[in-house]
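Every number here is computed from the coordinates shown, using simple stated rules; none is lab data. Since we're looking at a predicted model, the values are computed, not measured. Note that each Cβ is placed from the backbone with ideal geometry, even for glycine, and that neighbours are counted across all protein chains shown.
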Amino acid sequence: MVNGKFGKRLLRSGAAAAMFSIAMQAHAQDVTNVRMVLWPGPEGDAMQKVVDTYNKGQGTEDGINVEMVLLSRDDTFAKEATEIATGSSNVDIYFTATYNVGFFARGLQSIDDIGLDTSLYFPTAIDGLTIDGALYGLPLDVSNHFLYYRSDLMEELLGSEEQIAEFRDISEKVLGEARDPKAPEEWDTDDYLAAAAYFSRAENEDSPTRYGTVLQAKTSPFNITLWDDLLWGLGGSWTAEDGSANLHSPEAERSMEIFRTIYEERYTSPDSAQWEYGETNAALQAGSAAFALQWSAAYAELTDPERSPEVYDKIAVAPMPGDPHSTHVHTLAISLNKESQNKEAAKTWMAYLATPEAMDAYAKAGGIPSQPAVLKDNTDINPAFDAIAAHVQQYGYSIPIFPGTFEAMTALTEELSGGWVGVTDIDAALEQANSRLEALLER
């Protein structure tokens, strides 16, 4: 039994606690939970920091709590495809990219009404997420390619008359005409091939590196993008002006010949038939290759004294070889689920994330935002940001965006990789790739 002053105080305390609990429940009911898919890794880690800041700050004013849903890097898109196919509202925001937004579009809602200032972004990022004039994704990280090269080896070559003469002899053998070596910033596709030969012991027994370059020739959909850069750098494309498949062009054939020559003549490791991003970094770090076509994301690792002690101060970047210089650009993004039950809250969060302030925080947390001004303001964090901004703006292109874009990337790599490494005939590989691309374009 409770009585006296203590009992009255206890009753008053209990009533106050009950009232507080009711108030907290009411507040919780006023907060909308927005579930957003991302994949684990540097992008997910960086975004979590931005989400935490929002939830503790602006989110309390907006009445929104953002919850990250991290799926595996290997099957994020497959799981999302299943969700979209079933009309699920389990999440409000999907993780997408320029190469698959066309495929996912049937399950997405345009975000043209969130007040996005598209002038803040790289045009290729916006173009790659736009379908039939409507924007279906908010750009996050931008990805492009660099030509990474050993600056010490190039300086030695360009400063030695003896080495220049040797380079001319080797280039005449490989290209059918003698060429003087150039700075990598000036390379076209033939300069790239000649330099690969010169820095390979298969052609030059005095080469400081065993191989001139590294091919990422594994049958992986992302490896086609590196071959694409040579194709675009020769003036080609996947498609003709009328939108039809155009992989039987002279430019496509020459791109195939360059890759095949590099592989068959041992200007790259024979193991590169199974190589991609990680092995390319390893070859440069070990000093076994003089240069390589590689993703811009590799810069931080290749210039890190701890991770690349042998070469960190000898790595420089240049535009991808070609005339014109051309780099594949794709953008990771988030997109609004058209089945979401929390669309207004999701759009409020996306509008916040589109601000330069939010993207600045994302860059500082480890992201590579698609806003050039933000990249340029954060070069103290990652010196590559300035080059990324410049190269994407000057040399960037987007592969054709349609519902079958990612399927096409996969199909082209499946058909062409055998031609790169001498397993299949070049003309037959291109013809088969062209047929599969045409079928996807017409579907």
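Give the Cα extents of the range 37-182 along the principal axes, in whole Å, largest first.
70, 34, 32
Could you check how many percent of all C-alpha pairs in the range 288-443 are farther apart than 20 Å?
Every Cα pair in the range 288-443 considered, those over 20 Å come to 67 percent.
Mean 1/r over all different Cα pairs, inverted: what Kirkwood radius does the range 176-305 give, in Å?
15.5
From Cα coordinates alone, what are the radius of gyration and Dmax values for the range 229-353 in angstrom?
That works out to 20.1, 58 Å for Rg and Dmax.
Below 8 Å, C-alpha to C-alpha, sequence gap of six or more: please give me the relative contact order for the chain in percent. Don't skip to the end; give the middle numbers.
Numbers: 809 pairs, mean separation 109.4, N = 443.
Relative contact order here is 25 percent.
Count neighbours as other Cβ atoms within 10 Å of each site's Cβ, and list the GluC sites (Glu not before Pro) in the range 157-229 that are DSSP loop with at most 11 such neighbours.
In loop regions of the range 157-229 (DSSP not H, G, I, E or B), the sparsely surrounded GluC sites (Glu not before Pro) are Glu177, Glu205.
Could you point to the label whose value was computed as Cα extents along the principal axes in Å for the structure here, given (i) 105, 50, 38; (ii) 71, 52, 51; (iii) 60, 57, 47?
The calculated read-out lines up with (i).
Just to be sure I follow the rule: in the chain, considering lysines 8 or more places apart or on different chains, how many pairs have Cα atoms under 17 Å apart? Don't jump to the answer; show the numbers that get you there.
Numbers: Lys49/Lys364; Lys79/Lys338; Lys338/Lys347; Lys364/Lys376.
Count of close lysine pairs: 4.
Summing Lys, Arg as +1 and Asp, Glu as -1, what charge do residues with Cβ under 10 Å from the Cβ of Thr209 carry, Thr209 excluded?
Result for the local shell: +3.
Sum -39500 (n - 2.57) across every DSSP H segment of at least 4 residues in the chain, then divide by the residue count to get the 222 nm mean residue ellipticity, nearest 500.
Helices in the chain give a 222 nm mean residue ellipticity of -14000 deg cm²/dmol.
Based on alpha-carbon centroids, what's the gap between the range 171-231 and the range 95-134 in Å, whole number please?
Centre-to-centre (Cα) distance: 36 Å.
Rounded to whole Å, give me the distance from the Cα center of the range 365-400 to that of the range 64-81.
So the separation of the two Cα centres works out to 25 Å.
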